[in-house]
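Here is the structure we will look at, set down as structure tokens.
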Amino acid sequence: MNSQVSAFKLLPSVDKLLQKEALADVIEVLGHDVVKVKVRAAIDQLRNAIAANDLNVIKQLESPSFIESLCVKIVDDLNQESASTLVSVFNLTGTVIHTNLGRARMPEEAVAAMSIAASQATNLEFDLETGKRGDRDSHLEKCLCEMTGAEAATVVNNNAAAVVIVLNSLALQKEVLISRGELVEIGGAFRIPDVMKSASCILKEVGTTNRTHLRDFSDAITESTGLMMKVHTSNYEIRGFTKSVSETELCELSRQTKIPFVSDLGSGTLVDLRQYGLPYEPTVKDTLDAGADLVMFSGDKLLGGPQAGIIVGKRELVEKIKRNPLKRALRIDKVTLAGLVEVINLYKDPRRLSKRLPILKDLTRPLSDINALAERILPLFNSMLEGQAAVSVEACKSQIGSGALPLDLLASRAIAIRPVADRVGKDAFLTALSLQFRRLPKPVVGRLHDGALIFDVRCLYDEEGFVKQLKNLKAV
Ligand SMILES: *Cc1c(COP(=O)(O)O)cnc(C)c1O
């Protein structure tokens, strides 16, 4: 009882603690009020512990360095709470455009432009010649049209938004014809049938899962048909006894019937990727040339820019979209726009593109480079995991990701960690080890596959930073 009474007396007051030199820095950075709340909570907690006769706490209070260590704890807690949970990671998953890891990394030029747009006033929607209100699409439209041959272009928040606004602007309360084999789910609960509903359109499935003919489309056309749509089946491919209607055929039908035809390319690209030794992916221009009225594609998939949804095509239809009140809700933000303009500008010089655009640099990284890197870091892993696991450089396949070219894989090299044969609890060991890698100052994300922890090093560039932090890896 006595020790409790004297412990209460040792508790500092909130104001007294706030005057401590040790808290001056956090007060400067986070503000007096934030720190005060934390200090009060810490003292309350101590008071409760004393009331509960917690002898450990009472003993701590009697220590001469008590106030000092209390301040250190408060500063640590405050720093931890104020730190962002969004951190940079090493993407060694083998999926280059990884949606959960933020998709495309942006080129320097784009990052610089984004920084200016973020920190300064810009002529975002201001015409410097007339001094009147301008159009935010104007910064991109000319360039996009030149590159794709489109009459007009507009940009929204992401490609999902592009699909929604196209449907809602062109086929409100009307039927949209789409091949049954294209009723895809793109992940993150973006399913074409649900999207139709939320855009207030009526889905009309045409054909069967594996085969759709042109006559399936022409037979389905009625008074209530508003639109024909093709969706790039980006995350799977149906093989075998299949038939799909080509874009050219649908475009011809669209011309005859005057029903607009739009194509959701998903990833979409502005250049023929074969020039970089990559597989063919339909370009936006190819699709427009085939006769599509509108094409929608993502800014942060193969294009390699920021999250955005780009719509290009017939002027009349683009104008309709711009007049839709949803446009205001789905519009692209100024920082994103600034980055996207720079990325699209890089496409004007396709020959230098694979050096300047990170996504293309990743996808075209020579296997010899990847292999040499893996071999260089292998000994480090070996010494670190000696006796616990066998580590080797293994051939693996990187995926492009985000639904682009789903069946085309790129030869790559990985550090593969396999628990030693006589080890019990192999799976638990690998799970624990992969968690330790994710808890590094800059988390390392790999994948567990076939009884091994696999780190595909295709997307590893900061070798020095990577190696340096491995010493922080806790023993498993
Ligand atoms: C990825 C994708 C979308 C969605 O694009 P986001 O930019 O992720 O919003 C829509 N349609 C297709 C075919 C896609 O592949």
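The values are calculated or read from the model by the stated rules, or taken from the named source; none is laboratory data. Worth saying up front: this structure is predicted, and the values here are computed from it rather than measured. Please note: Cβ atoms are built from the backbone with ideal geometry, for glycine as well, and neighbour counts cover all protein chains shown.
One table, with the values for the structure above:
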| quantity | calculated |
| --- | --- |
| Subset of region 143-161 that is out of contact with any helix residue (DSSP H, G or I) (no Cβ under 8 Å at 6 or more places or on another chain) and within 19 Å of GLY266 (Cα to Cα) - its residue that is farthest from the ligand (Cβ to nearest atom) | CYS145 |
| Of the criteria (1) away from the ligand (no atom under 13 Å from the Cβ); (2) surrounded by 19 or more Cβ atoms within 10 Å (Cβ to Cβ); (3) in a loop (DSSP other than H, G, I, E, B), which one VAL318 fails | (3) |
| Selection count, region 41-67, where residues are surrounded by 15 or more Cβ atoms within 10 Å (Cβ to Cβ), of a type outside the set (S, T, N, Q) and part of a helix (DSSP H, G or I) | 10 |
| Contacts under 7 angstrom Cβ, first residue in region 274-286 being assigned by TED's automatic domain parsing to the domain that holds VAL262, partner assigned to a strand (DSSP E or B), 6 or more apart | GLU281/THR269; PRO282/LEU265; THR283/THR269; VAL284/LEU265; VAL284/VAL295; VAL284/PHE297; VAL284/VAL312 |
| Total residues in region 248-291, condition touching a helix residue (DSSP H, G or I) at 6+ places or on another chain (Cβ under 8 Å) and among the basic types (Lys, Arg) | 1 |
| Residues satisfying the stated conditions in region 170-220, i.e. part of a loop (DSSP other than H, G, I, E, B), within 16 Å of the ligand (Cβ to nearest atom) and surrounded by 14 or more Cβ atoms within 10 Å (Cβ to Cβ) | LEU183, VAL184, ILE186, PHE190, ALA199, CYS201 |
| Residue list for region 265-278, restricted to those being away from the ligand (no atom under 16 Å from the Cβ) and of a type outside the set (A, V, I, L, M, F, W, C) | ASP272, ARG274, GLN275, TYR276, GLY277 |
| Residue within region 113-121 that is within 18 Å of ILE344 (Cα to Cα) and without any contact (Cβ under 8 Å) to a residue 60 or more places away in the chain present | yes |
| Matching residues in region 293-315 - criterion: being in a loop (DSSP other than H, G, I, E, B), within 14 Å of the ligand (Cβ to nearest atom) and buried (at least 22 other Cβ atoms within 10 Å of the Cβ) | GLY299, ASP300, LYS301, LEU302, LEU303, GLY304, GLY305, PRO306, ALA308 |
| Condition broken by ALA374, with the remaining ones in (1) under 30 Å from the mean Cα position of the chain (by Cα); (2) farther than 18 Å from VAL96 by Cα; (3) not in a strand (DSSP E or B) satisfied | (2) |
| Residues located in region 283-292, provided they are surrounded by fewer than 24 Cβ atoms within 10 Å (Cβ to Cβ), of a type in the set (A, V, I, L, M) and in a loop (DSSP other than H, G, I, E, B) | ALA290 |
| Residue match in region 366-376 (condition: crowded, with 19+ Cβ neighbours inside 10 Å, closer than 30 Å to GLY268 by Cβ, within 16 Å of the ligand (Cβ to nearest atom) and modelled with pLDDT of 95 or more) | no |
| Flag for LEU340 being modelled with pLDDT of 95 or more, within 20 Å of the chain's Cα centre (by Cα) and crowded, with 24+ Cβ neighbours inside 10 Å | yes |
